[in-house]
Amino acid sequence: MTATLCLLCIPLRFPPNRTSFSSTSISLTPIRAQNQEIRVCTNRTCRRQGSFQTLETLSALAPPTITVNPSGCLGKCGAGPNVAVLPDGFVVGHCATPARAAEVIMQLSGGVSDSLGVSKSLEALALRKRAECEVEDGNFSQADLLLSKAIELKPCGGIHIIFKDRSIVRLALGNHAGALEDANEALRVAPRYPEAYICQGDVFLSMDHFDSAEMSYSTALEIEPSIRRSKSFKARVAKLQEKLNAVRTQ
């Protein structure tokens, strides 16, 4: 869900007379009136030039108003990896490094693309990835520390994912108030972020606030109906039903 990428490569259609190409410098006008989409060429040439890594970095750093998807060939194959920005139809070439990807996100978000901002955003991303490894090893306290450091860096995007991740960690540590606060903060940044609603529901379920848990899960399902088929989501619903049945039989 978070940072879920469309598996179908959609052909790019530029608006008439709005296509431009930048290979050495980025000059993008942020569009605040509507959401934006970044399409990353994953065709053969750009793929060899590292477009999958670019796709991963852009997806991790994108704020809620920017979606990132793979794309077919955007042309200019020798200047890849190429990314296109819709709806304006800008194409940015040589987007082969994490720093270059961060610059694109920062400018589209309306921020100043300076080296310090890029560095902080990439450091926050690295901390989040380290935290994921700590969670896999069951080191939740260390993961909490790493995610808190990532939040303090104020990255250009993806902070709603960091808050969601810390909500999961804090729930595992038994910090219900902190977990709920983080889930709510993720939703403040990204109001239609289904994974944050699931985290919110998990906290409510752990606190035996069954009506609130049901509302959170239902909202997540309304936003992203495909989670209905998820084993983990089915398990959550079953656990909620089990607890409700236990209360009713008392």
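Every number in this text was worked out from the coordinates using simple rules, so none of it is lab data. Every value quoted in this text rests on a predicted model; they were computed, and no experiment measured them. Glycine gets a Cβ as well: all are built from the backbone with ideal geometry, and neighbour counts include every protein chain shown.
Mind giving me the FRET efficiency for C133 and S212? R0 is 25 Å, r the Cβ-Cβ distance, nearest 0.05 is fine. Display every interim value, and only then the final one.
Numbers: r = 32 Å, r/R0 = 1.27.
Step by step, r from the Cβ atoms, then E = 0.20.
Just for the chain, what percent of DSSP beta bridges are antiparallel, to the closest 5?
About 40 percent, rounded to the nearest 5.
Below 16 Å, Cα to Cα, which lysines can K239 reach? Residues fewer than 8 away in the same chain don't count.
K239 reaches K231.
Per DSSP H run of n ≥ 4, the term is -39500 (n - 2.57); total these for the chain, divide by its residue number, and report the mean residue ellipticity at 222 nm rounded to 500 deg cm²/dmol. Don't jump to the answer; show the numbers that get you there.
Numbers: 10 runs with 135 residues, N = 250.
Using -39500 (n - 2.57) per qualifying helix, the result is -17500 deg cm²/dmol.
Helix 210-223 versus the longest principal axis of the chain: what is the Cα-based angle in degrees, 0 to 90, to the nearest 10?
Taking Cα atoms only, the helix is inclined about 20 degrees.
With the contact rule set at Cα under 8 Å and sequence spacing of 6 or more, what percent relative contact order holds for the chain? Walk me through the intermediate numbers first.
Working: 414 pairs, mean separation 38.5, N = 250.
Relative contact order comes out at 15 percent.
Taking the alpha-carbon set of segment 73-115, what are its Rg and Dmax in Å?
That works out to 10.8, 30 Å for Rg and Dmax.
Test of understanding: what is the full-extension gain from E152 to E123, defined as 0.36 nm times their sequence separation minus their Cα-Cα distance?
Numbers: separation 29, 0.36 × 29 = 10.44 nm, distance 1.09 nm.
Length gained, E152 through E123: 9.4 nm.
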